[in-house]
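Below is the structure I would like to discuss, written out as C-alpha cells.
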Amino acid sequence: MAIGAFVDAPAGCSGGYSGRVTPFVVLTCIVAGSGGILFGYDLGISGGVTSMDSFLKTFFPEVYRHKQDSNVSNYCQFDSELLTVFTSSLYIAGLIATLFASFVTRRFGRRASMLIGGTVFIAGSAFGGAAVNVPMLLLNRILLGIGLGFTNQSIPLYLSEMAPPQYRGAINNGFELSISIGILIANILNYCVVKLAAGWGWRISLSMAAVPATFLTIGAIFLPETPSFIIQRDGDTDKARALLQKLRGTTSVQNELDDLVSASNLSRAARYPFRKIFKRKYRPQLAMVLLIPFFNQLTGINVMNFYAPVMFRTIGLKESASLLSSVVTRLCATFANIIAMLVVDRFGRRKLFLVGGIQMILSQLAVGAILAAEFKDNGLMDKDYAFLVLITMCVFVAGFAWSWGPLTFLVPTEICPLEIRSAGQSIVVAVVFLMTFVIGQTFLAVLCRIKSGTFFLFAAWICVMTLVVYLFLPETKKLPMEQMEQVWRGHWFWKKIVGEEGDKEEEEKERQEKKIDSPSS
C-alpha cells in the first residue's frame, strides 16, 4: 500500500509536533479504511447488476423489454422510475442514518459507529443475495444505506485524528483509494459472474458485500479509539499520551497532547455541535462542509460509478464488454488515487482541486461533443467512437480520483475544530447521500430528455465549483487541525467574517445570550 512509503519518514513535523507514520498507524488505518471498500463496492455493484439481462428479467421486466424494442430511443432504454429507486434508495437511508451516527460518534466513539455500520451492512448483504422480489431488494438497499451512513460518518474522522499532520492528506486519501478498490472489485466480480449460465450471478455480486463488512466489523473490535476522543470522553491524558507515543513512534508528543487537551476543553463546552456550527466564527467551515460535497456529486462521477455499465451498453457495447469497460475506468481511478496519496501533502489541496477540475471540464465537454455528433436515438454508435468515449471517461475518472474524490472527505474533517467536527462530518455525508440520491434518481430521466446535453450540464457545474475553490478555499496542507483557525483569519474573504470584527460581534452576541439566560434577568 502507498502509505508504506512514509513509514521511515523523518521525524520533523509541522505545527511543532514530532513523529512519523509508524506501522501501528498503517495497520489501524488499513482496518478503518476497509469501510471505504464497503462504499465503493456498493457503488460499483449496483450499476453492474442493473446491466445484467438475468437481473432485469427477474425484477425489472419492463426495462428488459425496452432494451429489445428498436422503437425506444437509445437514451431512454433504462429510464425506469422503479430501477432508479432501487439504485438511489440506499442514499436516502444513509442520509437519515448519518444524522444519528453523529450522536453515536460524538458520544460513544468512532469505533462504535464502525461496529454498528459493519453489522447492519452484513445483514443487508444477506437480504440482497436471497432476494426474490423488489421489496427484498429495497430492504437490502436500505440496510446498506444505514451501514454506510455510520461508517462514512466515522471513518474519515478516525483517519484524520490518527494521522500525523504532515501526512494527514495521504492517509485520509487512503479512504478514497479504498472506495476505488471497492468499485474495482465490484466491477471485476460483475464481469466474472455475468458469464454464469444459470443466470444467478447477480446473487453472488449482491451478497459478497458481506466480506469487507465482516472484516471491518471484526477489525473495529480491536481498533484503539483516537487520542482526541479519549481526552474528550474522560480526560485521561495519560492514556492519550501513551497512545500518541505508540502512534508517532516518539516520546516527544507533549505539544500535540496540549493542543488536543485545549481542543477537548472547547469541545466539552460545546454541548450542541449542530447549533454551534451555525455561529459566525464557524461560517467558513459551514460553507465548505456544505459546498464541497454538493459540488462533488455535480461532477457526474456517480453516473460513472453506478451507471457506467448501463451507459456503455447504451452506446453499443455488449453485456460483457460494458462490464469490462467499467473495470478499465476503475483501474485508471485507482492508479490516480495512489498518485493523490503521494502528492497531496506536497502540492496541497487547492492545486489538486483546480487541476482536477480543469481535467474533468474538458472530459465532460469531449464526451458531450462525441455523443452529440455520433450517437443518435436509434442504431448503435460506431465502435471506434464508443472506445473514444471510454478513453475520455478514463481521463475524467482519473481527474476526479486525484482531486475532488479524496479531498471531499479530507478537507472538511481537517478544517473543523473538535467541538464541531462530528457535526461537520455528518453534514458532509448527509449532503453526499442527498445529492447522490438526486443524481441517481434523475440521471436516466435527464439523459432520456436532454441526451448529450447532460454532459455539457455537468461541465458547467464543474466550472462553477472550480471557481469557488479558487476564490474561497485557503490551503490547509501540513497544518495541525488544532491550529487551522489561522488559515481563515489570513484569507482575503473570510478574514472579514472571522477576524477581529467578527470576534467582537460574536462576543457581543454571547454576552446578550448570557443576559437572557441569567436568572437575575
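The values are calculated or read from the model by the stated rules, or taken from the named source; none is laboratory data. Keep in mind that this is a model prediction, so the values were computed, not measured. FYI the Cβ positions are ideal-geometry reconstructions off the backbone, even for glycines, and counts take in every protein chain you see. Quick note on the areas: whole protein, heavy atoms, side chains included, nothing else; ligands and nucleic acids left out. Shrake-Rupley method; radii C 1.70, N 1.55, O 1.52, S 1.80 Å.
May I ask you to give the percent of accessible area on the chain that is carbon plus sulfur, with a probe radius of 1.4 Å?
64
Return the sequence-ordered ³J(HN,Hα) values of region 108-114 in whole Hz as given by the Karplus equation 6.51 cos²θ - 1.76 cosθ + 1.60 applied to θ = phi - 60°, using x for Gly and Pro.
10, x, 5, 4, 4, 5, 5
Extension gain residue 339-residue 100, at 0.36 nm per residue separation less the Cα-Cα distance, in nm? Present the calculation step by step, with values, prior to reporting the outcome.
On the way: separation 239, 0.36 × 239 = 86.04 nm, distance 3.45 nm.
Stretched out fully, the residue 339 to residue 100 stretch lengthens by 82.6 nm.
So, taking all protein chains as they sit and a 1.4 Å probe, how much accessible area belongs to residue 338, in Å² rounded to tens?
Per-residue accessible area (residue 338): approximately 60 Å².
In region 342-386, what is the volume of the convex hull around the alpha carbon atoms, normalised per residue and reported in Å³?
89
Pairing the Cα long axis of helix 383-401 with the longest principal axis of the chain, what angle in degrees results, from 0 to 90 and rounded to the nearest 10?
10
Now, a different point. Sorted by accessible area (1.4 Å probe), largest first, how do 251, 58, 50 line up?
251, 58, 50
Let me ask something else about it. For the pairs 351/478; 57/376; 376/451; 279/496; 67/376; 239/281, flag any whose C-alpha to C-alpha distance is greater than 20 Å.
From 351/478; 57/376; 376/451; 279/496; 67/376; 239/281, over 20 Å: 57/376; 239/281.
I've got another one for you. Can you tally the net charge around residue 251? Count Lys and Arg as +1, Asp and Glu as -1, for every other residue whose Cβ sits under 14 Å from the Cβ of residue 251.
On the way: positive: 20, 241, 246, 248; negative: 238, 256.
Once positives and negatives cancel, what remains is +2.
Can you work out the FRET efficiency for the pair residue 456 and residue 346, with r the C-beta to C-beta distance and R0 = 41 Å, to the nearest 0.05?
That gives a FRET efficiency of 0.75.
Could you tell me the accessible area of residue 383 in Å² (1.4 Å probe, neighbours in place), rounded to the nearest ten?
Roll a 1.4 Å probe over it and residue 383 shows about 130 Å².
Could you give the size of the charge dipole of the chain about its Cα centre, using +1 on the Cβ of each K and R and -1 on the Cβ of each D and E, expressed in debye and rounded to the nearest 20? Working shown, then result.
On the way: 47 positive and 37 negative charges, 48 e Å.
With only Lys, Arg, Asp and Glu charged at Cβ, the dipole is about 220 debye.
Provide the descending list of Cα extents for region 161-208 along its principal axes, expressed in whole angstroms.
Extents along the principal axes: 52, 15, 7 Å.
Below 15 angstrom from the Cβ of residue 140, what's the summed charge of the other residues (Lys, Arg +1; Asp, Glu -1)?
Taking every Cβ under 15 Å from that of residue 140, the sum is +1.
May I ask for the distance between the Cα centers of region 104-137 and region 144-222, given as a whole number of Å?
13
Can you give the translational diffusion coefficient of region 95-157 in µm²/s, computed by Stokes-Einstein from the Kirkwood radius over Cα pairs at 25 °C and 0.890 mPa s?
This corresponds to a translational diffusion coefficient of 211 µm²/s.
So for 168, 203, 280, 275, what's the accessible-area order with a 1.4 Å probe, most first?
275, 203, 280, 168
If 354, 196, 467 are ordered by their accessible area, calculated over protein heavy atoms with a 1.4 Å probe, which sequence runs from highest to lowest? Please list the in-between numbers first.
Numbers: 354 40, 196 65, 467 100 Å².
Ranked from most to least accessible, the order is 467, 196, 354.
Taking the Cα atoms only, what angle lies between the long axis of helix 168-193 and the longest principal axis of the chain, rounded to 10 degrees?
Long axis of 168-193 versus the principal axis of the chain: about 20 degrees.
Using helices alone, what [θ] at 222 nm do you get for the chain, with -39,500 (n - 2.57) per DSSP H run of 4 or more residues, divided over all residues and rounded to the nearest 500? Mind dumping the intermediate values first?
Numbers: 24 runs with 402 residues, N = 521.
Theoretical 222 nm ellipticity from helices: -26000 deg cm²/dmol.
Work out, step by step, the length gained on full extension between residue 355 and residue 377: first 0.36 nm times the residue separation, then minus their alpha carbon distance; give nm to one decimal.
This chain segment gains 4.5 nm when fully extended.
Using the charge dipole of the chain (Lys, Arg: +1 at Cβ; Asp, Glu: -1 at Cβ; taken about the Cα centre), state which of 355, 417, 399 has its Cα farthest towards the positive end.
Ranked along the dipole, the leading option is 417.
Any chance you could list P(r) for region 187-261, counting all Cα-Cα pairs in 5 angstrom bins from zero, rounded to whole %?
Spelled out bin by bin, region 187-261 gives 3, 13, 17, 11, 8, 8, 7, 6, 8, 8, 6, 3, 1 percent.
What does the net charge come to around residue 200 if you take all other residues with beta carbon closer than 13 Å to its beta carbon, with K and R at +1 and D and E at -1? The partial results should precede the final answer.
Numbers: positive: 57, 195, 203; negative: 53.
Once positives and negatives cancel, what remains is +2.
Once ligands and nucleic acids are excluded and a 1.4 Å probe is used, how much of residue 478 is accessible, expressed in Å² to the nearest 10?
Taking all protein chains as shown, residue 478 has close to 90 Å².
Using θ = phi - 60° and the Karplus form 6.51 cos²θ - 1.76 cosθ + 1.60, what ³J(HN,Hα) does each residue of region 454-467 get, whole Hz, x for Gly and Pro?
Once θ is set to phi - 60°, the couplings for region 454-467 become 3, 6, 5, 5, 4, 4, 5, 5, 5, 4, 4, 6, 5, 5 Hz.
Between residue 280 and residue 258, what's the calculated FRET efficiency when r is the beta-carbon distance and R0 is 30 Å? Round to 0.05. List each step's numbers first, then the result.
On the way: r = 27 Å, r/R0 = 0.90.
For R0 = 30 Å, the calculated efficiency reads 0.65.
May I pose another question? With everything on Cα atoms, drop me the angle between helix 404-415 and the longest principal axis of the chain, reported from 0 to 90° to the nearest 10.
20
For q values of 0.17, 0.26 Å⁻¹, compute log₁₀ I(q)/I(0) with the Debye formula on a Cα-only model of region 28-94, without solvent.
Taking Cα atoms of region 28-94 as identical point scatterers yields -0.69, -1.15.
Might you tell me the accessible area per residue for the chain, computed with a 1.4 Å probe and given in Å²?
So the chain comes to 38 Å² accessible per residue, rounded to a whole number.
log10 I(q)/I(0), Debye, Cα-only region 425-474, no solvent, q = 0.25, 0.27, 0.32 Å⁻¹?
Relative scattering, expressed as log10 I(q)/I(0), comes to -0.99, -1.00, -1.03.
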